[in-house]
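> Starting off with a structure, shown below.
The values are calculated or read from the model by the stated rules, or taken from the named source; none is laboratory data. Computed from a predicted model, the values in this text were never measured in an experiment. For neighbour counting, all protein chains shown are included, and Cβ atoms are generated from backbone atoms with ideal geometry for every residue, glycine included. Please note that ligands, DNA and RNA were not included when accessible areas were found on the heavy atoms of the full protein model with its side chains. Shrake-Rupley method; radii C 1.70, N 1.55, O 1.52, S 1.80 Å.
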Amino acid sequence: QLQLVESGGGLVQPGGSLRLSCAASGFTLDSYDIGWFRQAPGKEREGVSCISRSGGSTDYGDSVKGRFTISRDNAKNTVYLQMNSLKPEDTAIYYCAVDPLCSGYPNNSWGQGTQVTVSS
């Protein structure tokens with residue numbers, strides 16, 4: 001089975017940090033551009049970041065530039081999202097997905113996601 005599993009979310013105070021992981025099962029990530037997306041209750045899905053197959057190119061949404069960093073370790077079959085200086089508006093369920101060409105149109109294959117809650 002092809003599967004992406006998100007982990008690393010939790011409850012954090014404003015200004016805090018979290019590192020999310022996206023681990024692949026059943027296939028290897030090194031041939032795929034991978035994006036992170038998030039969705040808050042009552043809001044549309046938002047593209048957060050994307051990384052190319054080799055890791056040589058990255059994209060970030062305007063709201064997270066300078067605060068989030070995407071990276072990948074193909075040997076571990078994992079993509080990461082380091083989130084610093086977190087704000088309450090970052091609260092959402094975070095998902096990763098194959099996103100060809102980092103176009104913002106990911107494949108419709110989603111895991112359970114991981115909840116990020118930023119609150120004092």
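> Can you pull out every residue in the range 9-18 that is of a type in the set (Gly, Ala, Ser), open to solvent by less than 40 Å² (accessible area, probe 1.4 Å) and out of contact with any Phe, Trp or Tyr (no Cβ under 8 Å at 6 or more places or on another chain)?
Within the range 9-18, Gly10, Gly16 meet the criteria.
> Can you tell me which residue is modelled with the highest pLDDT among those in the range 76-89 that are under 16 Å from Asp30 (Cα atoms), open to solvent by less than 40 Å² (accessible area, probe 1.4 Å) and out of contact with any Cys (no Cβ under 6 Å at 6 or more places or on another chain)?
My answer is Tyr80.
> Can you name every residue in the range 23-68 that is of a type in the set (Asp, Glu) and under 20 Å from Gly8 (Cα atoms)?
Listed by number, the list holds a single entry, Glu46.
Conditions (1) modelled with pLDDT under 95; (2) assigned to a strand (DSSP E or B); (3) touching a His at 6+ places or on another chain (Cβ under 8 Å); (4) surrounded by fewer than 15 Cβ atoms within 10 Å (Cβ to Cβ), marked per residue:
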site: Gln1; (1), (2), (3), (4): yes, no, no, yes
site: Leu4; (1), (2), (3), (4): yes, yes, no, no
site: Leu20; (1), (2), (3), (4): no, yes, no, no
site: Phe37; (1), (2), (3), (4): no, yes, no, no
site: Gly47; (1), (2), (3), (4): no, yes, no, no
site: Gly56; (1), (2), (3), (4): yes, no, no, yes
site: Asp59; (1), (2), (3), (4): no, yes, no, no
site: Lys65; (1), (2), (3), (4): no, no, no, yes
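> Let me ask something additional. Please go through (1) in a strand (DSSP E or B); (2) closer than 26 Å to Leu2 by Cβ for Thr117 and return the number of the only condition it doesn't satisfy.
Failed condition: (2).
> Of the conditions (1) open to solvent by 20 Å² or more (accessible area, probe 1.4 Å); (2) not in a loop (DSSP other than H, G, I, E, B), Ser109 satisfies every one except a single condition; which number is it?
(2) is the only condition that Ser109 fails.
> Next question. So which of Ser54, Ser7, Ser21 is over 15 Å from Ser109 (Cβ atoms), over 15 Å from the mean Cα position of the chain (by Cα) and among the polar types (S, T, N, Q)?
From the options Ser54, Ser7, Ser21, the qualifying one is Ser54.
> Regarding the range 90-97, can at least one residue be identified that is under 15 Å from Gln115 (Cα atoms), in contact (Cβ under 8 Å) with a residue 60 or more places away in the chain, in a strand (DSSP E or B) and open to solvent by less than 40 Å² (accessible area, probe 1.4 Å)?
yes
> Quick one: is Thr28 open to solvent by less than 30 Å² (accessible area, probe 1.4 Å) and over 22 Å from Thr117 (Cβ atoms)?
The answer is no for Thr28.
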